[in-house]
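Structure first, then comments.
The values are calculated or read from the model by the stated rules, or taken from the named source; none is laboratory data. Quantities reported herein were computed from a predicted structural model and do not represent experimental measurements. Neighbour counts are summed over all protein chains in view; Cβ atoms, including those assigned to glycine, are modelled from backbone coordinates with ideal geometry.
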C-alpha cells in the first residue's frame with residue numbers, strides 16, 4: 001500500500017553502512033518500514049546478520065547482510081557489486097559508518113590513526129557515492145544521504161581528525177548535489193550528541209553536560225534520525241538537494 005505524502009519506498013533498494021547498530025540500524029529499519037529492501041553493511045558479518053533478521057521480522061522486507069569495512073577501497077567495490085548482483089539497482093545510499101577513537105592529545109596522533117579515521121569517515125563514502133551515484137544516474141536516479149557530525153562545524157582538539165574528516169564529507173556532499181543532476185540528490189545530516197558507541201567512549205560527565213545543556217534536555221537517540229532519513233530518501237523530499245540539516249536538539253542554534 002502506498003504511503004501518503006510521498007513517504008514511500010516500495011520497490012526501492014537502500015544501502016546503509018554502519019547499519020548493524022545505533023543510528024544505522026534505526027535508519028535501515030525505518031527505510032524498510034516504508035517499503036524498501038535494505039542492505040545492512042558493517043565490518044562484522046555476525047552483527048549484520050542479527051540486524052537483518054530483526055528488520056525482516058519486523059517489517060517483512062528483505063534485509064541483506066554484507067560484511068564491509070568502508071575504510072578499504074576494495075571492500076567498497078565488493079559491496080557495490082554485491083548489491084547490484086542481488087538487486088540490480090540501488091535507490092538510496094546512506095553513508096552512516098563512522099569512527100572516532102580516543103587519543104591522548106594531538107601529539108599522540110599517528111599517521112596510522114589519521115589515515116584510518118579519514119578512510120572510514122570520508123574516503124569510503126566517496127568511493128561508494130561515486131560508484132553508486134554513477135549507476136543511479138544511468139538508471140532511475142536516487143538519493144545519497146551522508147551522516148556527518150555537528151562537531152564538523154565547531155571542531156575541538158579532542159576529536160580533531162574526526163571533525164576534519166567529517167568536514168571533508170560535508171564538502172563532498174555539496175559537490176555531489178550537482179554531480180548527477182537532476183537525477184541524483186545528495187544531502188547532509190549533522191547529528192549532535194547522540195547515544196551511540198562513539199558517545200559511550202566519552203567521559204560520563206561530558207555526556208551528562210551534553211544532556212543538561214541541550215534545549216531539549218537530552219542527547220539524541222538513534223530513532224530521532226529515522227523520520228528525516230525517510231524524508232530525504234523518498235519522493236517526499238524530491239526537492240531537497242544539497243541541504244545541511246542539524247539534528248542536535250538545538251544545541252548549535254547560535255550558529
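Sort through 137, 53 and tell me the only one that's within 20 Å of residue 26 (Cβ to Cβ), modelled with pLDDT of 95 or more and out of contact with any helix residue (DSSP H, G or I) (no Cβ under 8 Å at 6 or more places or on another chain). So that I can check it myself, show each step before the final result.
Details: 137 fails: within 20 Å of residue 26 (Cβ to Cβ).
Result of the check over 137, 53: 53.
Can you tell which of 26, 52, 47 is outside any loop (DSSP other than H, G, I, E, B), under 20 Å from residue 196 (Cβ atoms) and within 12 Å of the chain's Cα centre (by Cα)? So that I can check it myself, show each step before the final result.
Values: 52 fails: within 12 Å of the chain's Cα centre (by Cα); 47 fails: within 12 Å of the chain's Cα centre (by Cα).
Going through 26, 52, 47 in turn, the sole match is 26.
Can you name the helices (runs of 4 or more DSSP H) wholly within the range 138-255 that have at least 2 residues being touching a strand residue (DSSP E or B) at 6+ places or on another chain (Cβ under 9 Å) and crowded, with 19+ Cβ neighbours inside 10 Å? Lay out the reasoning, then the answer.
Working: elements: 160-176, 197-200, 204-213, 226-233.
Counting at least 2 such residues, we get 160-176, 226-233.
Quick one: which residue in 82, 89 is touching a residue at least 60 places away in the same chain (Cβ under 8 Å), farther than 22 Å from residue 169 by Cβ and either assigned to a helix (DSSP H, G or I) or touching a strand residue (DSSP E or B) at 6+ places or on another chain (Cβ under 9 Å) (or both)?
Numbers: 82 fails: touching a residue at least 60 places away in the same chain (Cβ under 8 Å).
On inspection, the qualifying residue turns out to be 89.
Regarding residue 70, is this residue at pLDDT 95 or above and part of a strand (DSSP E or B)?
Values: at pLDDT 95 or above: yes; part of a strand (DSSP E or B): no.
So residue 70 does not fit the description; no.
Just need a number here: residues in the range 5-23 that are over 20 Å from residue 191 (Cα atoms) and in a helix (DSSP H, G or I). Explain how you work it out, then say what you get.
Filtering the range 5-23 down to residues over 20 Å from residue 191 (Cα atoms) leaves 5-14.
Retained after the next criterion (residues that are in a helix (DSSP H, G or I)): 5-6.
Adding up the residues that qualify gives 2.
Looking at residue 66, is it in contact with a strand residue (DSSP E or B) (Cβ under 8 Å, 6 or more places away or on another chain), crowded, with 17+ Cβ neighbours inside 10 Å and farther than 20 Å from residue 188 by Cβ? Break it down into steps so the answer makes sense when it comes.
Details: in contact with a strand residue (DSSP E or B) (Cβ under 8 Å, 6 or more places away or on another chain): yes; crowded, with 17+ Cβ neighbours inside 10 Å: yes; farther than 20 Å from residue 188 by Cβ: yes.
Here the answer is yes, as residue 66 does meet what is asked.
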